[in-house]
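Novice: Sharing a structure with you now.
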Amino acid sequence: MEFQKVVEARRSVRKYDATKKVTKEQVAEIVEAAILAPSWKNSQTARYHVVLSEEMTKTMLTDCLPEFNAKNSEGAALVVTTFVANRAGFNREGQPDNE
């Protein structure tokens, strides 16, 4: 299935089939699409961290997520999104603008 069709037909999923695993390449394609999304003032402040290993996923589920979310995320690949602080985009000269 093409990625665009997946995006258009997407639905919220609250239970994952632990027997189905996404590949590193599939996650990379999804993250690349997210990186290409427009951002305010072309700030490009989003950073994506992907958790695929079972050991780290278990640690994230128990240490970082509320119980309800952890329970519903078993078997899922986790993508953690962070943002660069104090950056407002780029100025007209193409340099980071720290307004």
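The values are calculated or read from the model by the stated rules, or taken from the named source; none is laboratory data. What you see is a predicted model, and the numbers here were worked out from it, not measured in a lab. Cβ atoms come from the backbone with ideal geometry, glycine included; neighbour counts cover every protein chain shown. SASA here: full protein model, heavy atoms, side chains in, ligands and nucleic acids out. Shrake-Rupley method; radii C 1.70, N 1.55, O 1.52, S 1.80 Å.
Novice: Let me confirm something: among Val50, Val7, Val22, which residue is of a type outside the set (D, E, K, R), assigned to a helix (DSSP H, G or I) and more than 30 Å from Glu93 (Cα to Cα)? Give the derivation first.
Specialist: Details: Val50 fails: assigned to a helix (DSSP H, G or I); Val22 fails: assigned to a helix (DSSP H, G or I).
After ruling out the rest, the residue left standing is Val7.
Novice: What tally of residues in region 55-68 results from selecting those that are more than 25 Å from Ile35 (Cα to Cα) and open to solvent by 70 Å² or more (accessible area, probe 1.4 Å)?
Specialist: Of the residues in region 55-68, 7 are more than 25 Å from Ile35 (Cα to Cα) and open to solvent by 70 Å² or more (accessible area, probe 1.4 Å).
Novice: Hey, any hits in region 22-30 for a residue that's at pLDDT below 90 and surrounded by 10 or more Cβ atoms within 10 Å (Cβ to Cβ)?
Specialist: Yes, region 22-30 has at least one match.
Novice: Which residues, taken from region 31-47, are loosely packed, with under 15 Cβ neighbours inside 10 Å and outside any helix (DSSP H, G or I)?
Specialist: Correct list: Ala37, Pro38, Ser39, Ala46, Arg47.
Novice: If you go through region 38-54 one residue at a time, do you hit one that is of a type in the set (Asp, Glu) and either more than 14 Å from the chain's Cα centre (by Cα) or modelled with pLDDT under 90 (or both)?
Specialist: Taking every residue of region 38-54 in turn, at least one turns out to be of a type in the set (Asp, Glu) and either more than 14 Å from the chain's Cα centre (by Cα) or modelled with pLDDT under 90 (or both).
Novice: I've got another one for you. Any residue in region 4-24 that's under 17 Å from Lys71 (Cα atoms) and of a type outside the set (Ser, Thr, Tyr): show its pairings with residues that are modelled with pLDDT under 90 and part of a loop (DSSP other than H, G, I, E, B) at Cβ separation under 6 Å, as long as the two are six or more apart or on different chains.
Specialist: Pairs found: Ala18/Gly75.
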